[in-house]
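I have placed the structure first, in the form of structure tokens, so that the comments after it can refer back to it.
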Amino acid sequence: MALAFHCRCTVKCAGLDWCYRHVVLALTPQPHGDSHLAGNTQLLEYGPQFRFTPEKNWMNDPNGLVYHDGIYHIFYQYNPNGAKWGYISWGHAISTDLVHWKHLPIALECEVDANGNIMEMFFSGSAVPLSFCPPTSYGQVIREGQQSQSIAFSNDNGLTWTKYKGNPVIPSPPPVPRSTLESQFGPYNARFGEWECPSLFPLFVDGNTASEKWIMLIGINPGGVVAGSGTQSIIGSFDGKTFVADLSDDFESTSSTFEELGWTATGDFVCTGPRKASTVNAGKIKGCLGNGIMTTCLSGGTGTGTIASPKFTITEDYISFLVAGDYYPDNPVSMNLVVDGKVVHRWQRGILDCHRCQPLPSAHLHIDEIVFSNSPKDKANWNDFGPDYYAAATYNGMPNPEGTLVGWMNNWGYANDIPTSTWRSAMSIPRRLVQQPLSSVLTLYTAALYSHNFSALQCGETEVNVPALYDARMKLALKFARGTGTKFGVCLRSNATNTQETVIGYDFLGQNVFVDRFKSGNDSFACTRKRDCQLDRCLLSRGK
């Protein structure tokens, strides 16, 4: 992971009466003056060092990602007239390694009439070698407010573009004789927002060409994992006509009863169904995927009964689900795995067999996103758990299906208000579907290395004074072994009073990496409410 920080690196541990053993801190710098971005964006205030940005003005979704003749092309929605959304055109840049970029002239520019009225804008689209088809709004062809699918082509390897005279190739609404509905997908997973920017591509499982899965990326706004916009990835199969997601229960059908969903309910759960998380426990259930959950919090908190899933055959190694709730010894609320009529596993806090036995308040169980898999991972999940990853797209034209992704590193909840001046927005570091940057990012670093080995760390903070040579853009690597503690982390970009810092750490109890940016700097433009109740990921491993 490439992280930028200044002046001071603080190794921070949290908790009491514990320590960590064998902590190794290693820093690898990127030298000053390595202008790997075209233009001078690396000199701008808040200008990123490892991510693509426009030279000036507004940028949002990546579009038309294509690899052709050894060149990576990135097109992106762009406002040539200012640093806020508007006059949407397609900006253009090229690279040989997805790290060092060269800006090119605007590929498709928003058109206006003699009075300055917008006649045509260019939104999300895709590209294939020597042609692409972005959705546009042609004032002279399409009714006002309508969108259509149109085509542009290039005869000089993508440097300049010509619009097809027969546009639009798919008007809106499309005429019946020219189109036939082949299939559709959804709603599924997170759905309470506007779906857009879909991307469907194949990947080999663990590099095995005989085992293929298809990945569906879907942008959603609002309804993201934190707030505003986000991108979800769904794994399934595709036969050339229909995409089918792998098995999952996500409880998003909040207008249906459990009986209609194939579950069996008794007691006060009869004729009820999944509920919107925002209506449960004063809206304090956070961390769920989407908006619906299964909950025992009914009838003012006093309901009793059971909810049981349809029978199923366990054919995979793991059952994974999100769970939250309270545990009271006198009020047994539990979720049970029942095999041949016997309870073989029971979760008493946070199925499929969910019980609430006594009408006592404050003891509830909340369940979401039950998935079955051969590894302890979700099959349908958010592509990124941070708030700034949207409209992710993959590169076409690659020699092998690698799923190289680029996302818009922003959020529609505050995109127009980020306090940058002559430019606004950045793209994510190019990566695979998993959170692993491409190896070409390593070319940004020198071979110089600073490291320090701590034999043990007690709770509190240990300050590391980084030599001046390394007070720059760096890659930070940590190796540590747990003592008796629960959390371990580092504070980056800390000031002398600790009023500003970004904490990156590992929670051993939750078994997850976390990023705490509540004190990362100027956040006046965004809502930064802390979560009240976190839904934790639980796993049941077959035969273990």
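The values are calculated or read from the model by the stated rules, or taken from the named source; none is laboratory data. Just so it is clear, the model here is predicted, and its values are computed rather than measured. Note that each Cβ is placed from the backbone with ideal geometry, even for glycine, and that neighbours are counted across all protein chains shown. What goes into the accessible areas is simple: the full protein's heavy atoms, side chains included, and nothing from ligands, DNA or RNA. Shrake-Rupley method; radii C 1.70, N 1.55, O 1.52, S 1.80 Å.
Brief remarks on what is shown
- Apolar share of the accessible surface for the range 393-444: 55 percent from carbon plus sulfur atoms, 1.4 Å probe.
- Residue 435-residue 115 pseudo-label distance in nm [points 7 Å out on the Cα-to-Cβ vector]: 5.2
- Efficiency of FRET from Cβ geometry, residue 452 and residue 146, R₀ 60 Å, rounded to 0.05: 0.45
- Residue 525/residue 278 FRET efficiency (R0 25 Å; Cβ-Cβ; nearest 0.05): 0.60
- Once the chain from residue 314 to residue 253 is taken as fully extended at 0.36 nm per residue, the excess over their C-alpha distance is 19.6 nm.
- Contour minus Cα-Cα distance for residue 266 and residue 163 (0.36 nm per residue): 30.9 nm
- A simple packing score, the average count of other Cβ atoms within 10 Å per residue, orders the peptides 52-64, 212-224 as 52-64, 212-224, with the highest score first.
- Ranked by the mean number of other Cβ atoms within 10 Å per residue, highest first, peptides 103-114, 73-84 order as 73-84, 103-114.
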